[in-house]
Amino acid sequence: MAKILFRISQSIDKLNRFIGEKIAWLSLALVLVFCYDVFMRYFLDSSSASTFELEWHIFSFLFLLSAGYTFLNDGHVRVDVFYDRLGAQSKAYINILGVLFFLFPFAGILLWQGGIFAYNAFVWGEVSGDPGGLPFRFLVKSAIPLSMLLLILQGISLLIQSFFVILKFPYAESASAT
């Protein structure tokens, strides 16, 4: 059973690492769109709603879909006043409590409500309210439940790794190193 859980944890980590590394390229796209927008606005005195919307769509995808990757790399905000001084087992207990009582409930609500939000946008064929804006608004709204799903999966991986640390399974060192 431990080997199966270890493989599940590794697979989740690989998925979020893959998505995070691919999504990171959107940073370059965002910079290019910003540069184009600035050039058009200030040098050619021209602006378009679609360019502005493309900026926030790219930012939304970048921010939302990298949540699991950020969690994998321990990049989310945490009050580390005491946590950094604790041993591995104490950290594992804190991680388990944090995932069970904070991450899962809040990400679950956002997954559920975000799914409804994205579904309604798809069913209604929601498009931009601005003339010349982007169509298919459901695509960007779909990033909300998808990001919460990736975050929940990464929480499952952290739970598995934390239990390995507490139970002193031999996979504990290699799970946290992936």
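A few remarks follow.
- The charge dipole of the chain, taken about its Cα centre with unit charges on the Cβ of Lys, Arg, Asp and Glu (plus for the first two, minus for the last two), comes to roughly 740 debye.
- The stretch 58-73 and the stretch 102-144 have Cα centres lying 16 Å from one another.
- Most mobile of Ala67, Ala88, Ala107 in a GNM of the chain (Cα contacts under 10 Å): Ala88
- Helices meeting the span-like rule in the chain (full DSSP H runs, Cα extent of at least 27 Å along the helix axis, mean Kyte-Doolittle score of -0.5 or higher): 2-23, 104-123, 137-167.
- Taken over the chain, the alpha-carbon convex hull comes to 133 cubic angstrom per residue.
- Spatially near lysine pairs across the chain, Cα under 21 Å, sequence gap of 8 or more or different chains: 5
- At most 14 other Cβ within 10 Å, DSSP loop - trypsin sites (Lys or Arg not before Pro), the stretch 78-178: Arg78, Arg85, Lys168
- FRET efficiency estimate (nearest 0.05) - Cβ-Cβ, Asn120 to Arg7, R0 35 angstrom: 0.40
- Estimated [θ] at 222 nm from DSSP helical runs (n ≥ 4, -39500 (n - 2.57)) normalised by residues in the chain, nearest 500: -25000 deg cm²/dmol
Coordinate-derived values only; no laboratory data. Computed from a predicted model, the values in this text were never measured in an experiment. Cβ coordinates were reconstructed from backbone atoms using ideal geometry, including for glycine residues, and neighbour counts include every protein chain displayed.
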